[in-house]
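Okay, structure first, notes after.
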Amino acid sequence: MTTLADPVPGGRPGEAERAVALAAELAGRGVHGIVLAYVDTAGVARVKTVPVGKLAAAVSWGVGMSPVFDTFLANDAIVATDVLGSPDGDLRLFPDLDQLTVLAAQPGWAWAPVDRITQDGAPHPGCSRTFLRRMVTDAGAGHGLEFRAGIEIEWAVARADTAPDGFEPASTAPAYSAIRQIELSDYAAELLAACAAQGLDVDQFHPEYAAGQFELSVAPLDPVAAADRSVLVRQTVRAVAQRHGLRVSFAPALRGQGVGNGGHVHLSAWRDGENLHSGGDRRHGMTATAESFTAGVLAHLPALTAVTAPCPASYLRLRPSQWAGVFTAWGLETREAGLRVIRGTAGQRGQAANLEIKPVDLAANPYLALGCALAAGLDGVGGEAVLPEEITGDPAGFDPADAEARGVRRLPVSLAEAVGEFRADPVLHKALGTVLTDAVTAVREGEIMAVDGLDDEHVAAAYRWKY
Ligand code: GLU
Ligand code: MG
């Protein structure tokens, strides 16, 4: 379980001593530097690093970083609002020692996610990891709920020796094929070895649908740890690829057309050690709380897409009949509704049952995506929201009048439409607070402007190598 307390100047009790011992151990294992990892509002993974000897100083006093990164765009342009984007000020990055991991595919390096606090010692209101820690704390205090979460990771593998901006898949073998697994066998095996060495509990790894695409999933964890893991898995997937002359992209769409890279989120609500998505008297074994949680996520799904599908290229992926789940609907084991209820296999359901949220990609900041999904679901729990009738099949084929009558709507077809929905969602604003709401809105509007007038192919190209 992630430590939910905020970092404090001087360090949490005992942490400085722990860091001194850890740094000595790391140095003995050949580690020279610690990657301090965070994800910006645009979803770009950014880092600072410190030498291993400065680990204790970092957990005690943090490492400096400008707050201006809150309004960076994926192309490194900076947008400004009345609240954000000023060149002034400084923040402190505090690494989380519980998540510190020696990187198997980057010899000499260890990695840790960070929280950001102000120089006065207060949590930074624009820190997405702090936001998610707070959402998890509030779910426990306000509803007696704990959550388990997982984020699926899909990516495309390209050869590194091709045109820098282009995309030439490293394998053109069929979807899910043995050929693709064989063609990238050494890469794939080293990736599994690196994950194992780093304590990443891989559940599955397979060639996916799109050209050169793979998918890896890890076992569920508490939401903050799950978000941390999704960042670490991507760092590992990329670092191993580089050692094999390969290059990877987690961008939502590699090209203007076709199936993209998803980052489906899995969530389950638990109370007193019991999974509320199993063993209940509601549909498919859900309890009343799990149904209301699902109803809450469903009701907020159009606004959530501004957080979970944050990039103009996200809307190249979010098209019907591509398994991205682009309708406001839910169903049992359905792949075309926004929400898929997973009951699990008989005998395992108490552990396995969960809710899958599909319109999520890996341009999303995982801390914001999980925190906002929790806010949406908890709004449903608080209001005892009623889950509508389920669907089966692909809503793209529904009669329009029938779909309308059942509340099955297409999710936003553009980032501009998603931002419009987000602007009108007070529940997400309240959860995020004014600073993060402002950051999300400003960065999304900046991304919209950045690709103004570009056709689909050029939009895909603009983000292809940013994620
Ligand atoms: N690649 C699909 C997406 O964009 C998901 C495929 C799957 O269901 O795993 O979400
Ligand atoms: Mg997949």
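Just so it is clear, none of the values below were taken in a lab; they were calculated from the coordinates. A quick note: this is a predicted structure, and the numbers were derived from the prediction, not measured. Cβ placement follows ideal geometry from the backbone for every residue including glycine, while neighbour counts extend to all protein chains displayed.
For this structure, a couple of remarks:
- Beta bridges by DSSP in the range 327-436, antiparallel share as percent, to the nearest 5: 60 percent
- ³J(HN,Hα), Karplus 6.51/-1.76/1.60, whole Hz, each residue of the range 113-124, x for Gly, Pro: x, 10, 9, 10, 10, 7, 5, 8, x, 8, x, 6
- For LEU362, distant residues with modelled amide H under 5 Å away: GLY263
- When each full DSSP H helix of the chain is screened for a Cα extent of at least 15 Å along its own axis and an average Kyte-Doolittle hydropathy of at least 0.0, the helices passing are 15-28, 185-197, 223-243, 288-308, 366-382, 426-450.
- Taking amide H as placed 1.01 Å from N in the peptide plane, ALA160 has its amide H under 5 Å from the amide H of LEU246, ARG247, each at least 5 places away in sequence or on another chain.
- Phi-derived couplings, Karplus 6.51 cos²θ - 1.76 cosθ + 1.60 at θ = phi - 60°, listed residue by residue for the range 385-397: 4, 9, 7, x, 4, 7, 10, 10, x, 9, x, 4, x Hz, with x used for Gly and Pro.
- Descending principal axes extents, the chain, alpha-carbon based, whole Å: 64, 51, 51
- Vicinal HN-Hα couplings computed from phi for the range 91-100 (Karplus, 6.51 cos²θ - 1.76 cosθ + 1.60; Hz; Gly/Pro x): 10, 10, 8, 10, x, 8, 5, 4, 9, 4
- Alpha-carbon centroids, the range 19-43 and the range 262-287: separation in whole Å: 35 Å
- Taking amide H as placed 1.01 Å from N in the peptide plane, the amide H of GLN213 sits under 5 Å from that of VAL157, GLU208, each at least 5 places away or on another chain.
- Qualifying trypsin sites (Lys or Arg not before Pro) for the range 1-87 [loop in DSSP, other Cβ within 10 Å: at most 14]: ARG29
- For the chain, adding -39500 (n - 2.57) for each run of n ≥ 4 DSSP H residues and dividing by the number of residues yields -11500 deg cm²/dmol at 222 nm.
- Relative contact order [Cα under 8 Å, 6+ residues apart], the chain, whole percent: 17 percent
- Net charge contributed by nearby residues that have their C-beta within less than 14 Å of GLY382 (K/R +1, D/E -1): -3
- Sorted fewest first by neighbouring Cβ atoms within 10 angstrom, MET135, MET65 come out as MET65, MET135.
- Listed by chain and number, the lysines placed with their C-alpha closer than 23 angstrom to that of LYS48 are LYS466; residues fewer than eight positions away on the same chain are left out.
- Cβ crowding within 10 Å ranks ARG134, ARG444 as ARG134, ARG444, fewest other Cβ atoms first.
- The range 88-149, relative contact order in percent, only Cα pairs under 8 angstrom and at least six apart counted: 25 percent
- Gap separating the Cα centres of the range 328-402 and the range 80-128, nearest whole Å: 31 Å
- Among SER66, SER292, SER171, the ranking by other beta carbons within 10 Å of each residue's beta carbon, starting with the fewest, stands as SER66, SER171, SER292.
- Charge context of GLU25, other residues only, Cβ under 14 angstrom, K/R +1, D/E -1: +1
- Under the Debye formula (equal points on every Cα, no solvent term), log10 I(q)/I(0) of the range 43-164 at q = 0.14, 0.17, 0.18, 0.21 Å⁻¹: -0.85, -1.15, -1.22, -1.32
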